[in-house]
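Below is one structure, written out as structure tokens, with a few remarks after it.
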Amino acid sequence: MVRKAVLIVDDDTLFCWAFRKELAARHMDADIANTGRECLEAVTKKRFDLVFLDIHLPDANGLDLLGTIRAGSPDTRIMIVSGDATFETKQAALSAGAEQFLEKPFDIGVVMRSVTGSFREWSCRRTHPRYLCRFPLKLSVLSPLPGEEQFFLGSMDGVSEDIGHEGMRLTTEYPLRKGQKIRLRPAAEADPFSLMIPAGGYAEVVWGESSGDTSIAGLRFLQERMAGAIPARTSSPGTEGNRT
């Protein structure tokens, strides 16, 4: 198997060291650049499959470097890594072509498990990018599992794991199953990633896995006209039984 080549661009040497260690444990080769100049020298000499790019570098703005890297190596995946996670900064990064925006601080191990899975999906299944992100959601189950029709399933909690223009992956306590129709809405203030949820928020479950009290599901977004014929469930006196 060909090892993935990764470039870590960050002026925090301890962060770079820890990240390189995680990458090596997953059989990826990592180079480190602590400045914008070192970053440009690295991408000129070598092709990288993935670049982790900080925004605030001693001699450069990472968003400017992003455009330069993208122009010279359009197939390289670029993930912004920064503590500057304002709405405007996220929008600018995604508009410039970043695949993900990872907000510091974060659990490197969790991120690397997602990145490893993303490499498999990029090469095998997905033709559209997915962005690693976590924001709270409310979901309504429009087609309950058999035997659950009497329960109110109209306002349950969920958390996004990643999202793209075609669909998303989420975690919830309700055991979602393939073929179910649901409706989504952001539970908190607007996040740039939540804007990818189409009008109406309708989606179909394409796969679901449960472990203990947690369910992870992959969703495909639906146009409102495709899902609008399925009415949302409403509560009836004495029938509330929210699974969450």
> In nanometres, what is the gap between the two model label sites at Arg220 and Glu148, each 7 Å from Cα along Cα-to-Cβ?
Replying inline: 2.1
>> Highest mean first, how do 50-60, 35-45 rank when packing is the count of other Cβ atoms within 10 Å averaged over residues?
In response: 50-60, 35-45
> Packing-wise, with mean Cβ within 10 Å as the measure, how do 4-12, 202-210 rank, highest first?
Replying inline: 4-12, 202-210
> By how many nm would the segment from Val2 to Arg185 grow when fully extended, if each residue of separation counts as 0.36 nm and the alpha-carbon distance is taken off?
Replying inline: 61.8 nm
> In nm, to one decimal, how far is the Gln91 label point from the Ala18 one, both placed 7 Å along Cα→Cβ?
Replying inline: 3.2
> Which aspartates and glutamates does Lys90 reach when only Cα atoms under 18 Å apart count, and residues fewer than 8 places away in its own chain are ignored?
Replying inline: Asp10, Asp54, Asp64, Glu99, Glu103, Glu161, Asp162, Glu189, Asp191
> Tell me which lysines have Cα within less than 25 Å of Lys178's Cα, excluding those fewer than 8 residues away on the same chain?
Replying inline: Lys138
>> So if I restrict to the alpha-carbon atoms in the range 136-227, what is the Rg, and what is Dmax, the biggest pairwise distance, in Å?
In response: 12.2, 37
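Computed from the coordinates by the stated procedures, all read-outs in this text should not be read as laboratory data. Note that the structure is a prediction, hence the values are computed from the model and not measured. Cβ atoms come from the backbone with ideal geometry, glycine included; neighbour counts cover every protein chain shown.
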